[in-house]
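Notes for the one structure printed next.
Every number in this text was worked out from the coordinates using simple rules, so none of it is lab data. Every value quoted in this text rests on a predicted model; they were computed, and no experiment measured them. Heads up, the Cβs are rebuilt from the backbone with ideal geometry, glycines too, and the neighbour counts pull from every protein chain shown.
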Amino acid sequence: MTAPAAPNALDGDAATPAASPTRRTPLYGRHVALGAKMVPFAGFDMPVQYPAGITAEHKAVRAACGVFDVSHMGEFLVRGPDAVAFVNHVATNDVTKLADGQAHYSTLCNERGTVEDDCLVYRYDAERLMLVVNASNAEKDLAHVLRYKGDFDCTVEDASEATALLAVQGPRAAEVLAPLTDVDLSAIAYYWFAEGAVAGVPCTVSRTGYTGEDGFELYCAADAAGALWDALLATGAVTPCGLGARDTLRLEMGMALYGNDIDDTTTPLEANLAWTVKLAKGDFVGREAIAAQKAAGVPRRLVGFTVVERAIPRHGMPVLVGGEAVGRVTSGTMSPSLGVAVGMCYVPAASAAEGTAVEIDVRGRRVAATVTKPPFYKDASHR
């Protein structure tokens, strides 16, 4: 992110060395001041955890309310008479079904039918949409969608550096946020959004998240992120959370992470994201290849698993069925909520049924596991 005008001492971009290999969100200085452990992630210096630790942050989100700085995410604004038609052509979900003020999850596929990225699509009105993409893919995604711009009467603006994003998540999120905003949070259903002020900062307030809990994602101007963050923490009811807790929370819900569980070698059908693919809507990028795979039969499936023994599966560890290697762990962790190890992996379609016995090679030791349908954690506050 570029430095905001007149940065204060907590705004990190102003101090970013020219030769730094990573970028910093507008909240970098605040994370450091709170004692966060900073790590490189998707080209940014990001907080992986604060002094209380990942487990404490995870449990705070499950029980009360946490806030994540996810300003590294990419945002593309699509405007013009053909905005809906254009996004409908590059995304697999049916954008024409969105009402004003509604969002949905989708994938961006290539001509091979594999996933370039997963994303959120926001419809403000018939001529104004926003695509929210993963930070590590933002540059690639922009080039990808522009490849199909053609004669569509719309513009595509990369607003990533100008936009900050805070995720306020947990069963108390609405209670905490309500006194700070003029938006009627009770009127915003899951995957709907509204525009209004939060702590005096103009925001898009979206009832979405990556934790399984109730919560909101707040999009605002990058130079206003500090004021918004400070107001949230000043309530005394919000725990700052890092990437570590974000990962354990999403994995307990069986939510895919691009680069681990999905990438440009996997199709939405293989990744159990068929619900994001609307073949009946007409032509879109990747439709022919996806339809062909559906007709031929999907050869493998992304499945969840729970580990029977005391061992933690990690990304890349071999997965075996009937003693034969069939794939690798895509994501794995010890669940802070459940006290058992959980993970995801691809297995042949014939071995994807719930209850199937598999093994994980944990540093040379074969550990018993069972295919388990996510979400692993069943008591999240989002319904």
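Numbers below:
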quantity: For Thr330, residues with placed amide H under 5 Å, excluding near neighbours; calculated: Gly316, Met344, Cys345, Tyr346
quantity: Phi-based couplings in Hz for segment 256-267 (Karplus 6.51, -1.76, 1.60; Gly and Pro marked x); calculated: 6, 10, 5, x, 10, 8, 9, 6, 7, 10, 10, 9
quantity: Ranked Ser186, Ser381, criterion: other C-beta atoms within 10 Å, fewest first; calculated: Ser186, Ser381
quantity: For Asp263, net neighbour charge (Lys/Arg +1, Asp/Glu -1) across residues whose Cβ lies under 15 Å away; calculated: -3
quantity: For Val183, residues with placed amide H under 5 Å, excluding near neighbours; calculated: Ala197
quantity: Percent RCO, i.e. relative contact order, over the chain, from Cα pairs under 8 Å lying at least 6 residues apart; calculated: 17 percent
quantity: Cα centre as origin, Lys/Arg/Asp/Glu Cβ charges: segment 267-381 dipole, Debye; calculated: 120 debye
quantity: Separation of the Ala353 and Glu309 label points, Cα + 7 Å toward Cβ, nm; calculated: 2.6 nm
quantity: Estimated distance in nm for a label pair at Thr235 and Phe41, the labels positioned 7 Å out from Cα along Cα-to-Cβ; calculated: 2.1 nm
quantity: Check: segment 74-158 dipole with +1 on Lys, Arg Cβ and -1 on Asp, Glu Cβ, in debye; calculated: 140 debye
quantity: Table column - 3J(HN,Hα) (Hz), segment 162-174, Karplus curve with 6.51, -1.76, 1.60, x for Gly and Pro; calculated: 8, 10, 10, 9, 10, 10, 9, 10, x, x, 9, 4, 5
quantity: R0 of 25 Å, Cβ-Cβ distance Ala99-His382: FRET efficiency to nearest 0.05; calculated: 0.80
quantity: Antiparallel bridge percentage (DSSP; both residues within the chain; nearest 5); calculated: 95 percent
quantity: Identified option (computed Cα extents along the principal axes in Å; candidates (1) 62, 52, 46; (2) 64, 43, 41; (3) 75, 42, 41); calculated: (1)
quantity: Euclidean distance of C-alpha centroids, segment 133-195 and segment 249-283, integer Å; calculated: 19 Å
quantity: Distance between segment 302-348 and segment 204-248 - C-alpha centres, whole angstrom; calculated: 30 Å
quantity: Local net charge near Val201, Cβ-Cβ under 13 Å (Lys/Arg +1, Asp/Glu -1); calculated: -4
quantity: Local electrostatic count at Ala173 - Lys and Arg +1, Asp and Glu -1, tallied over other residues with Cβ under 11 Å; calculated: -2
quantity: Per-residue Cβ neighbour rank within 10 angstrom, fewest leading, Trp275, Trp192; calculated: Trp275, Trp192
quantity: Residue order, fewest to most surrounding Cβ atoms within 10 angstrom, among Asp184, Asp45, Asp263; calculated: Asp184, Asp263, Asp45
quantity: Other-chain or far-sequence residues with amide H under 5 Å of Asp214's (modelled H); calculated: Gly170, Ser381, His382
quantity: Options Leu269, Ala234, Val84, ranked by Cα towards positive dipole end of the chain, top entry (Cβ charges); calculated: Leu269
quantity: Förster radius 35 Å - calculated FRET efficiency between Arg363 and Glu157, Cβ distance, rounded to 0.05; calculated: 0.15
